[in-house]
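The values are calculated or read from the model by the stated rules, or taken from the named source; none is laboratory data. The model shown is predicted, which means the values in this text are computed figures rather than measured ones. Cβ: placed from backbone, ideal geometry, glycine included. Neighbour counts: every protein chain shown. Surface areas here come from the heavy atoms of the whole protein model, side chains and all, with no ligands, DNA or RNA. Shrake-Rupley method; radii C 1.70, N 1.55, O 1.52, S 1.80 Å.
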Amino acid sequence: MSKIDVKKNYQDEVLDSILYAELSKRAKDPKIEKVLSRMSKMEERHASIWREIAKIRGIEVKGPSPLSIAKVKIMAMLSKVLGVNTMIKLREGNEDNDVKKYVELSTSDDLSPEEKVMMSDISVDEAAHEEILSQVTSNVSEFIYGISDGLVEVLAAVSGLSGAVKVPLYVAVGGLVIGVSGMMSMGIGSFLSSESEEEISKKEREKISLQKKVDPESVRKRVQEFLNSIGIDESDSFSLSGKLVGGAEDLLAPKGEKSPIKGALVTAASYITGAIIPSIPYILGIGGLEGVLSSFLVSGIAIAIVGYMIGIVSSVNPRRKSIEMSVLGLGAAVATYLLGNLLSSLLGIQLA
């Protein structure tokens with residue numbers, strides 16, 4: 001058992017259970033509350049399995065420290081601002097895929113046959129973990145991506161305008177007009193896309209349901225392919241797929257819980273929020289080079305924060321994503337500013 005930290009695994013599962021329980025208390029949507037409560041009980045069951053293994057091995061396990069519990073509860077409170085999925089990503093950090101971890105443990109030489117069965121049971125739960133959480137995909141995550149789009153696009157636009165237009169109010173109006181047009185375009189696009197995905201998902205679920213009745217083996221193979229795609233090897237995915245055929249619809253064609261209209265409103269609101277930020281200095285009447293630098297500063301800070309959050313929700317290095325987005329966003333702004341100045345000189349256009 002030397003290679004397996006029973007105490008840590010036990011405490012991690014307890015903390016996950018507490019997090020989901022705290023998140024469920026704060027959920028206003030009864031469906032989301034039910035899903036999070038289910039996840040809490042699932043993690044609690046996993047903790048009990050580790051506690052049983054510890055008892056078998058004669059290892060004394062203690063609950064998480066008060067500090068660890070306090071951190072989890074703070075994360076739950078922050079979910080109101082940053083979203084459920086963001087908090088879950090922060091809790092998971094850079095840990096390996098849980099499904100892969102438990103599948104490996106189910107074949108570990110450090111575990112007895114009985115304990116391997118326990119790990120296999122947990123791996124089945126974890127295989128459905130991501131799809132269960134997809135039911136509570138936060139609009140806040142979409143909001144972050146929408147802010148990014150509006151922020152970078154309008155920053156580039158006002159930077160280009162400021163190279164040819166010297167009146168701050170004109171630059172601000174130009175940026176806001178571009179922002180509003182982008183907001184409408186993004187909102188309509190989101191609505192049409194969500195509506196189309198909803199229809200496709202409904203038809204696919206009906207198809208899978210029918211296949212389960214007439215050809216369950218083909219459905220099992222599709223589930224196995226899905227498990228392989230998330231990193232489960234052939235032998236383990238074969239055994240798991242048989243157990244997961246019953247819920248194949250939720251794995252292969254998860255049902256969307258969000259309204260296309262709500263999604264469109266979130267996208268539109270997030271885009272215009274990002275679009276306003278680069279225009280703030282010009283709205284305040286700051287023009288010339290000072291206005292450009294001020295816009296770069298406030299936008300650069302906003303892009304860095306948004307990039308960090310995108311890194312968290314997309315499971316990539318947050319710092320690297322923050323730096324990458326800042327460099328690209330500000331680089332585009334500088335390029336369009338220089339282009340605006342160049343065209344102004346060549347065409348003799350100067351609005352002052």
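Computed values, structure above
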quantity: Only listed residue being without any contact (Cβ under 8 Å) to a residue 60 or more places away in the chain and open to solvent by less than 30 Å² (accessible area, probe 1.4 Å), chosen from GLU22, GLU44, GLU60; calculated: GLU22
quantity: Enumeration of residues in the stretch 299-344 that are β-branched (Val, Ile, Thr), closer than 16 Å to VAL171 by Cα and buried (at least 16 other Cβ atoms within 10 Å of the Cβ); calculated: THR336
quantity: Residue count for the stretch 289-329, restricted to those that are closer than 16 Å to GLY150 by Cβ and not small (Gly, Ala, Ser); calculated: 9
quantity: Filter result (assigned to a helix (DSSP H, G or I) and open to solvent by 60 Å² or more (accessible area, probe 1.4 Å)) within the stretch 206-229; calculated: GLU206, LYS207, LEU210, LYS213, VAL214, PRO216, GLU217, LYS221, ARG222, GLU225, SER229
quantity: Those residues of the stretch 194-205 which are free of Cβ contacts under 8 Å to residues at least 60 places away in the same chain and either under 29 Å from SER120 (Cα atoms) or open to solvent by 40 Å² or more (accessible area, probe 1.4 Å) (or both), in sequence order; calculated: SER196, GLU197, GLU199, ILE200, LYS202, LYS203, GLU204, ARG205
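Yes/no matrix, rows are residues, columns are (1) surrounded by 19 or more Cβ atoms within 10 Å (Cβ to Cβ); (2) closer than 20 Å to PHE226 by Cα; (3) at pLDDT 75 or above; (4) not acidic (Asp, Glu):
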site: GLY83; (1), (2), (3), (4): yes, no, no, yes
site: VAL99; (1), (2), (3), (4): yes, yes, no, yes
site: SER112; (1), (2), (3), (4): no, no, yes, yes
site: SER123; (1), (2), (3), (4): yes, yes, yes, yes
site: LEU133; (1), (2), (3), (4): no, yes, no, yes
site: VAL136; (1), (2), (3), (4): yes, no, no, yes
site: GLY146; (1), (2), (3), (4): yes, no, yes, yes
